[in-house]
Structures are given as structure tokens and as C-alpha cells.
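Accompanying notes for the structure given below.
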Amino acid sequence: MRAIWKGAVSFGLVSIGVKLYSATEERDIRFHQVHRDDGGRIRYKRTCQVCGEEVTFDDIAKGYDIGGGEMVILTDEDFADLPLTTSRAIDVLEFVPAEQVDPILYNKAYFLEPEGTATKPYVLLRDALADSERVAIVKVALRQREQLATLRVREGVLLLNTMLWPDEVRTPDFGFLDEDLKVRPPELAMASSLIDSMAGEFAPDAFTDDYRAALQEVIDAKIEGREVVQPEEVEAAPAAAVDLMAALKASVERAKVARGEQPAGGAGEPTPISAARSAQKAAKAPPKKAAEKKAAAKKTPAKKAEPAKKAAAKKTAEKKAAKAPAKKAAEKKAAPRKTA
């Protein structure tokens, strides 16, 4: 790492020489603007709108627009005369509980390294700050701008967090804030249950930038001349639910399943989400239902034929029963003749 600033932490009558290093770095994949046809880099020229000439950095000054087409020009000498007492010092103003600092105020983070013989007072301030469970509110000038910041301990190193000034934080102004919306206690209880079912310990290493990884895969495939493999599709988020309680209950059950817990009611009980998915699957299969309906129609006539067969068998039995007495009478008449 390369130091971007050198100065001293002013702690009462103690001065601690330090170097400042950027504590974070962006991992975004950066691109150049190029000509689509031949890949040539696109360059921009700094030209003056008045005379049209190209201007070098040495001839560029800062201008403040006061309106009406008028501009006030400030040079480096004007900035040099400003009373920046913190140009080479980090002035400790007070020590406050960390929870009193709203995280929205935090801007950028920097590591502080002791310089020369300042190691012992540096360690002294670090340990005292850690024991106090407070953060130091400081002022520091970086890049010709005085900034509010905090000093705290992270992994045995003093960490400087620059902060926004209070007037740089916007006040939310949205219409729904003026509406009289009431949340029912059962809904609040179910939402709290969902939060409890998704509770855990924050582990930053467990999260990855999937988009950046997919983009890097596309770039690597382009370099190697191979086909780009499409990543697996992420399950689409469900549409806005009309029944808030049903959506909350389904979310709780899904969270429990994700954590390996058995949802309430057993695995066989359909949830609003599973019921909706079953309905979607059923709607996608009309041909199968039509085929089953036709097969049922073919079987129906066969069932209707069964009563007809029973009626025919009944008539045959009746005819046989009617013929039986006549046959017995004929046999009786024939019997005496054989005896004579």
C-alpha cells in the first residue's frame, strides 16, 4: 500500500506521527471506451468553449458560477491562503459512544500507521480507545477539504472513518409518511416471526458478488475463444401478494425449510406458495386432461351396455321357466304308454 497523507494525531498535548492509507478498494471490473469497429481507444480533449483552443492542466483553474453567465475564478493561491489548521493534523475533539454515530454519516475508511518513534504513543492511544468502548471525533483536512471523522480500533490498527457533514444528509420526503397506515398486531407478530426465523450472525465472507463473477467469466471466455456458459437462472421473486398474512406465513415456512427445520403442519400440508405452484403446473397441462376426458367418454358406452345384457339374460331365463312345465307334462303322458 502507498501512503496518501502524512501528519500527526493531536491527542491533548501528545502528538503522534502517522501515515494514512486507503483501507478499502473497489473490485469493479473497469472498461475503456473504444471504437466498436477497430477497438481504438476514445480520447477526450480539454477545449475552451470561448476560444476553442486545447487547454493543458497547468492552465486550468476552478470557477464558481454565480449565475447570469458570470464566473468567479479561484487559483491555487486563493486556496493556499485558507485557514486549514488541520492540513497536517488530526485533531481529536471528543470521545463519544459508537452507537451515537449514525452509520449514514460514514464515508471512506483509512488505516493509520505510526511513523518513526511514534509507535509507543500510537499503541497507548489504541489501547485506551479500545478500553473506553468509545470512538474519537476528529477533524482532518484531506484533498483541500476539511472533514469530520471518527477514530476507532480495528484488528489492532487505528481506523479513520471520514464522515459527511450533517447538512449533507438529505431529509426523506415521501407521501406515505403522511398517511395514517395501521398495522394489525397479528401481521406485526408474523413479521417478527419471519425476522426470528432468518436471524443469524453476519459473516461478510459468506457473500459474493455473483454479477462480477459472471462478467469475469464472459471476459475469460472472450479471451480464450470458447463458448460462454450461461449461469443458472435464479428463481424469480413472487409477485406482490394480496394476502399479506399468507405471504408472511409462507415466507416463515420457507425460511425454516432453508435452515433445515420442519415447517409447521408437516411436509404434506400445502403452503400458499406451493399451492400457487401446483396451480401453475396444472394450468400448463390442458392436453393431458383432454386426452383423459376422451378416454373416459369411450369407456362410458361400454358401461351403458351392461344393463342391456342383464335384461336379455332375464328374458331368456323367463322363457326357459315357461317351457319347463310343458316339458314335464309331456314326459308324464309318455310314461304310462311305456308301462303297458
Candidate set from the stretch 87-101 (those that are in contact with a Ser or Thr (Cβ under 9 Å, 6 or more places away or on another chain) and not in a strand (DSSP E or B)); member that is most open to solvent (accessible area, probe 1.4 Å):
98
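Per-residue answers, yes or no, for (1) polar (S, T, N, Q); (2) over 30 Å from residue 138 (Cβ atoms):
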{"position": "42", "(1), (2)": "no, yes"}
{"position": "46", "(1), (2)": "no, yes"}
{"position": "49", "(1), (2)": "yes, yes"}
{"position": "55", "(1), (2)": "no, yes"}
{"position": "63", "(1), (2)": "no, yes"}
{"position": "67", "(1), (2)": "no, yes"}
{"position": "79", "(1), (2)": "no, no"}
{"position": "88", "(1), (2)": "no, no"}
Since residue 64 meets every condition but one in (1) assigned to a loop (DSSP other than H, G, I, E, B); (2) under 19 Å from residue 145 (Cβ atoms); (3) of a type in the set (Ser, Thr, Tyr), which condition does it not meet?
(1)
Could you tell me whether any residue of the stretch 180-193 is surrounded by fewer than 10 Cβ atoms within 10 Å (Cβ to Cβ), among the basic types (Lys, Arg), part of a loop (DSSP other than H, G, I, E, B) and without any contact (Cβ under 8 Å) to a residue 24 or more places away in the chain?
yes
Residues of the stretch 208-223 that turn out to be within 13 Å of residue 27 (Cβ to Cβ) and either in a loop (DSSP other than H, G, I, E, B) or among the hydrophobic types (A, V, I, L, M, F, W, C) (or both), as a count
4
Residue ID - modelled with the highest pLDDT, chosen from residues in the stretch 1-13 that are open to solvent by less than 100 Å² (accessible area, probe 1.4 Å) and assigned to a loop (DSSP other than H, G, I, E, B):
3
Test set (1) more than 27 Å from residue 2 (Cα to Cα); (2) in a helix (DSSP H, G or I); (3) free of Cβ contacts under 8 Å to residues at least 40 places away in the same chain - residue 104 fails condition number
(3)
Among (1) of a type outside the set (A, V, I, L, M, F, W, C); (2) exposed (fewer than 11 other Cβ atoms within 10 Å of the Cβ); (3) modelled with pLDDT of 90 or more, there is one condition residue 69 misses while meeting the rest; what is its number?
(3)
Selection status of residue 16, assigned to a strand (DSSP E or B), open to solvent by less than 100 Å² (accessible area, probe 1.4 Å) and within 18 Å of residue 148 (Cβ to Cβ)
no
Within the stretch 29-45, how many residues turn out to be of a type outside the set (S, T, N, Q), open to solvent by 100 Å² or more (accessible area, probe 1.4 Å) and touching a strand residue (DSSP E or B) at 6+ places or on another chain (Cβ under 8 Å)?
3
Those residues that are of a type outside the set (A, V, I, L, M) and either surrounded by 14 or more Cβ atoms within 10 Å (Cβ to Cβ) or within 20 Å of residue 102 (Cα to Cα) (or both), I need them from the stretch 117-144; list them, please.
121, 122, 126, 132, 133, 134, 139
In the stretch 125-154, what residues are part of a helix (DSSP H, G or I) and touching a residue at least 24 places away in the same chain (Cβ under 8 Å)?
125, 126, 129, 132
Taking residue 52 and the conditions (1) at positive phi; (2) not in a loop (DSSP other than H, G, I, E, B); (3) not aromatic (Phe, Trp, Tyr), which numbered condition does it fall short on, given that it satisfies the others?
(2)
Determine whether the stretch 146-162 contains at least one residue that is surrounded by fewer than 16 Cβ atoms within 10 Å (Cβ to Cβ), of a type in the set (D, E, K, R), under 31 Å from the mean Cα position of the chain (by Cα) and modelled with pLDDT of 90 or more.
yes
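The values are calculated or read from the model by the stated rules, or taken from the named source; none is laboratory data. The structure displayed is predicted, hence computed values, not measured ones. Reconstructed Cβ throughout: ideal geometry from the backbone, glycine too, with neighbour counts over all protein chains shown. Remember, those area values only see protein heavy atoms, side chains included, never the ligands or the DNA or RNA. Shrake-Rupley method; radii C 1.70, N 1.55, O 1.52, S 1.80 Å.
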